[in-house]
Amino acid sequence: MKRTLLATALVTLAAGAGSAQIKVNAVGFLPQSHKLAVIPQVAGANRFEVVDVDGKVVLDGALGAASRWAPSGETVRVADFSALTQAGAYRVRVGSLLSAPFTVAPDGYRALGDAALKAFYFNRSGVALTPEYAGAWARPAGHPDDKVTVHASAASTARPQGTRIASPKGWYDAGDYNKYVVNSGIATYTLLAALEHFPDAFKRDTGIPESGNGVPDILDEALWNLDWLLTMQDPADGGVYHKLTNLRFDGIVMPHAASTTPRYVMAKSTAAALDFAATMATASRVLAPYDAKWPGLSQRMLAAAQAAWRWAEAHPNVVFKNPKDVVTGEYGDAQLADEFAWAAAELFIATGQDGYAQAFMRRDAALSTPAWNNVAALGWMSLAHHRDRLAPGIDRALVERRIDTLASQLAATANDGYRVPLASKDIVWGSNAVILNQGMMLLQAYRINGKPAYLQAAQSSLDYVLGRNATGYTFVTGFGARQVMHPHHRPSMADGVTAPVPGWLAGGPNPGQQDAKDCPPYPGKLPALSYLDHDCSYAANEVAINWNAPLVYVTAALSALTPPAAPATPMTQPTASLAALLHQEEQLQFDRFTPDMARALGSLMVERARTRGQVVTVRISRDGAVLFEHAMPGAPADHLDWIRRKNNLVARTEHSSFYTHVQVRQEGGDHDRLPGLDMRDFAAHGGAFPLVVRGTGRIGTITVSGLPGPEDHALVVETLHAYLQAGVR
Ligand code: G3I
Ligand code: 9MR
């Protein structure tokens, strides 16, 4: 799409540094999400309000202490409105400042998640996008890649320079029309991991040609690229070509109008072979259940992965450099220990062969936030997901510890300023994907140990790209109040449609400003403000498959892991639904229960109370023995007597103490006088929950005392849900 420099200057001014705007995720939250807004320093203001669409105040609270955020040079305060759980549309207000509108809704990320995945469809190479699926962004096919030339750098005996091979399909990498194995690897893996970890998040159709074929759309989409990736392997030796590109970038035209000069496969590289191996091994296991639909495909992928691994072992240090006549993206990477570690981890999970476990341990690849050139984390997260079957080759405790260490560092960074895990040093080309990959790693730790701070910091990662950032932009095209309108994305620039192709994450702030000579001035040099919504800006406003993939992952993960609205929360009235309470008791059960699990679960309840400033006593007992007990500082001794009396009630009724409370009140009774019971030994107040092992029955109680009964009950239920949902075993 077209724009003028004057328009750019105006937009730039409006988004300028330190502008006095309230910054908030302008898409929205789930009812139980952690909810923060960032408030510029406004003289005299100490409180905030949340208002609904009619302007009615639904919540108010005190602003947090002023805190500096180095990446934008601002001092800001935070409004925490997590207590707002009622579905609706709202804004945050401080004095005369009003934030962008946002929603609270149980399926609040549905449209966002669908669009983020659909973006991959919009970048399919070699196929026409029809109006039925692409709407206004329909376009003819481009880049069939059915006759691709072997470049001099890739020549081999079997395939001398100039040989033609077919290498169709795949996704265009980004705003350009080239296809790069290294970047395809991390992007495809991240989609496959999202499906493997959160299958329920991908049950609905998103409107792609394959929708309704009995396979999740995300897997159909991944296959479009996997089919291409398979063609990038040389069958003669298992090596993998680094990329398929022109000699130079296509002009700013639609795919079908792009240059007809030959496209080439370029030299093989170790990084390409290993990223290919890791991705194919992952795909082989995710596709295994679909063998009837695609007979032999899963096995073929595993064999391809192993062949690529063998090539990499024989050629451990082939670093790709653009040949002299080539200026397309390089994706060069000289550090290969992380690629070896990732491939070894995936091949170990896929085959169980000890040699791969040893290869993984031998690399001892440090765990840090993943990026296209830093992929060890992908292996660590796959190992974490499969942690029940790592022994004896890989130490499960080591995996859990390393991931927790990374997450605790990221969560600590998220204590200041904008309260996000992103630090100045992280703001590089594609910074919006850096923060989402940080979110993805926080979620790995949350899946292991359920620490609420990790879920909260991951929510903050998503909030950042959706508007709680120093520019105030919602960085996903088609979403938010201040929208990205001019991404460096050839179809969006050339299609004559005003709105950019939707669902794409802009690369985001990048103080490198490598495109400065091609662009109007940036608003400043500060890292978090180094952003232009201008299509000149390939260094800050391009889109890319490896940036959208963690958006898909984090959106799905937060939808799956955020506790659903606890029915107990609004149930202070005796009208609470007994059916809902029974449902909780049926859902919140264990396959087994050990003292270690009691300790973990009990600690989580205490931590959850602490983050809310509540003082409670928690006890978990089994067969009369206390497995966990903690009285928080300031907890009065009578908590223990309440716990004893509530537990007695559960032992008598086999239901939660809150269930009996509601039942008695619905029947018009007095919950403090139960017929036939000595109320010195029983209490029909919420907080004691039956501890049930499936197949065994009730073996004990999980109990909280210290809050009003409905809240005691809610604390137990929410924590149990988070713990079980996180797959803590
Ligand atoms: O890692 C260093 C960091 O240590 C240093 O502090 C920082 C200072 O600028 O630079 C960091 O490296 C940057 C690197 O991205 C970070 O990942 C490089 O300067 C920067 O040049 C490099 O940019 C890459 C860019 O291609 C240019 O090669 C991006 O990562 C990469 O995402 C991007 O990918 C392009 C493809 O080549 C072509 N297709 C579009 C795609 C997206 O823009
Ligand atoms: O358009 C190209 C973009 O897709 C790449 O990511 C980027 C990486 O270097 O390069 C862009 O092409 C620019 C080139 O590098 C320098 N001249 C301006 C080109 C954009 O119009």
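Here the peptides 59-65, 661-667, 476-482, 115-121 are ranked by packing, the mean other Cβ count within 10 Å, and the order with the highest first is 115-121, 476-482, 661-667, 59-65. List the trypsin sites (Lys or Arg not before Pro) within region 238-294 that DSSP assigns to loop and that have no more than 14 neighbouring Cβ atoms inside 10 Å. Passing sites in region 238-294 are 248, 293. Here the accessible area of region 570-725 is 50 percent carbon and sulfur, with a 1.4 angstrom probe and all protein chains present.
Listed values for region 499-513 are Karplus-derived 3J(HN,Hα) couplings in whole Hz (6.51 cos²θ - 1.76 cosθ + 1.60, θ = phi - 60°), namely 6, x, 4, x, x, 9, 8, 5, x, x, x, 7, x, x, 6, and x replaces Gly and Pro.
Each Lys or Arg adds one and each Asp or Glu subtracts one; over the other residues with Cβ under 11 Å from the Cβ of residue 604, this totals +2. The angle between the Cα long axis of helix 657-666 and the main principal axis of the chain comes to about 70°, on a 0 to 90 degree scale.
Principal axis extents of the C-alpha atoms in region 408-471 (largest first, rounded to whole Å): 33, 20, 20. Placing unit charges on the Cβ atoms only, positive for Lys and Arg and negative for Asp and Glu, gives the chain a dipole magnitude near 680 debye about its Cα centre. In whole angstrom, region 447-513 maps to an equivalent ellipsoid with semi-axes of 29, 13, 11, each derived as √(5λ) from the alpha carbon gyration tensor and ordered largest first. Across 231, 701, 157, the residue with the most accessible area heads the list, and the full order at a 1.4 Å probe is 157, 231, 701. About its Cα centre, the dipole of region 593-729 is roughly 320 debye, where the only charges are +1 on Lys and Arg Cβ and -1 on Asp and Glu Cβ.
Along the axis of the charge dipole computed for region 139-394 (Cβ charges of +1 for Lys and Arg, -1 for Asp and Glu, origin at the Cα centre), the listed residues 264, 372, 382 are led at the positive end by 264. Shown is the FRET efficiency for residue 652 and residue 200, computed with R0 = 35 Å from the Cβ-Cβ distance and rounded to the nearest 0.05: 0.45.
Across region 471-479, computed HN-Hα scalar couplings (Karplus, 6.51 cos²θ - 1.76 cosθ + 1.60, θ = phi - 60°) run 8, x, 6, 8, 7, 9, 4, x, 10 Hz from first to last residue, x flagging Gly and Pro. Here the alpha carbons of region 570-725 define both size measures, Rg and Dmax, at 14.4, 42 Å. Remark: the chain projects, on average over all directions, an area of 33.0 nm² (convex hull of Cα atoms).
At full extension, residue 57 and residue 615 could sit 198.0 nm farther apart than now, given 0.36 nm per residue minus the alpha carbon distance. Our Cα-only numbers for region 303-461 put the radius of gyration and Dmax at 17.1, 52 Å. Taking every C-alpha pair closer than 8 Å and separated by at least 6 residues, the mean separation divided by the residue count of region 570-725 gives a relative contact order of 29 percent.
Given +1 at the Cβ of Lys and Arg, -1 at the Cβ of Asp and Glu and no other charges, the dipole of region 309-424 around its Cα centre is 80 debye to the nearest 20. Got the relative contact order for the chain handy, in percent, Cα pairs under 8 Å and 6 or more residues apart? Answer for the chain is 13 percent. Checking the cross-link filter: which lysines have an alpha carbon closer than 21 Å to that of residue 321, excluding same-chain neighbours under 8 positions apart? Result set, ordered by chain and number: 179, 243, 268. Extent of region 223-274 along its three principal axes (Cα atoms, max minus min coordinate, largest first): 36, 24, 18 Å.
Between the C-alpha center of region 225-243 and that of region 664-697 there is a gap of 64 Å. Calculated on the alpha-carbon coordinates, the convex hull of region 79-149 measures out at 179 cubic angstrom per residue.
Could you state the angle between the C-alpha long axis of helix 709-725 and the longest principal axis of the C-alpha atoms of the chain, as a value from 0 to 90 degrees rounded to the nearest 10? Roughly 30 degrees, rounded to the nearest 10. Straightening the chain between residue 599 and residue 408 buys 66.8 nm, computed as 0.36 nm per residue apart minus the Cα-Cα spacing. For the chain, find the longest principal axis of its Cα atoms and tell me its angle to the long axis of helix 638-653, 0 to 90°, nearest 10. Roughly 90 degrees between the two axes. Over all distinct Cα-Cα pairs of region 46-199, the Kirkwood formula returns a hydrodynamic radius of 20.8 Å. Using alpha carbons only, the radius of gyration of region 139-394 set against its Kirkwood radius gives Rg/Rh = 0.96.
Subtracting the Cα-Cα distance of residue 87 and residue 110 from their residue separation scaled by 0.36 nm leaves 6.8 nm.
Coupling constants for region 550-564 follow from the phi torsions by the Karplus curve (6.51 cos²θ - 1.76 cosθ + 1.60, θ = phi - 60°), and in residue order they are x, 5, 4, 4, 5, 4, 5, 5, 5, 4, 7, 9, 5, x, x Hz; glycine and proline get x. Between residue 164 and residue 625, the FRET efficiency estimated from the beta carbon spacing at R0 = 56 angstrom works out to 0.15. Dividing the C-alpha radius of gyration of region 126-202 by 2.2 N^0.38 Å, with N its residue count, gives 1.45. With every protein chain in place and a 1.4 angstrom probe, the accessible-area ranking of 599, 645, largest first, reads 599, 645. Only protein heavy atoms count here; on that basis, with a 1.4 Å probe, residue 372 has an accessible area of about 70 Å².
The values are calculated or read from the model by the stated rules, or taken from the named source; none is laboratory data. Note that the structure is a prediction, hence the values are computed from the model and not measured. Quick reminder, even Gly has a Cβ in these numbers, built from the backbone with ideal geometry, and neighbours come from all protein chains shown. Calculation scope for accessible area: heavy atoms of the full protein, side chains included, ligands and nucleic acids excluded. Shrake-Rupley method; radii C 1.70, N 1.55, O 1.52, S 1.80 Å.
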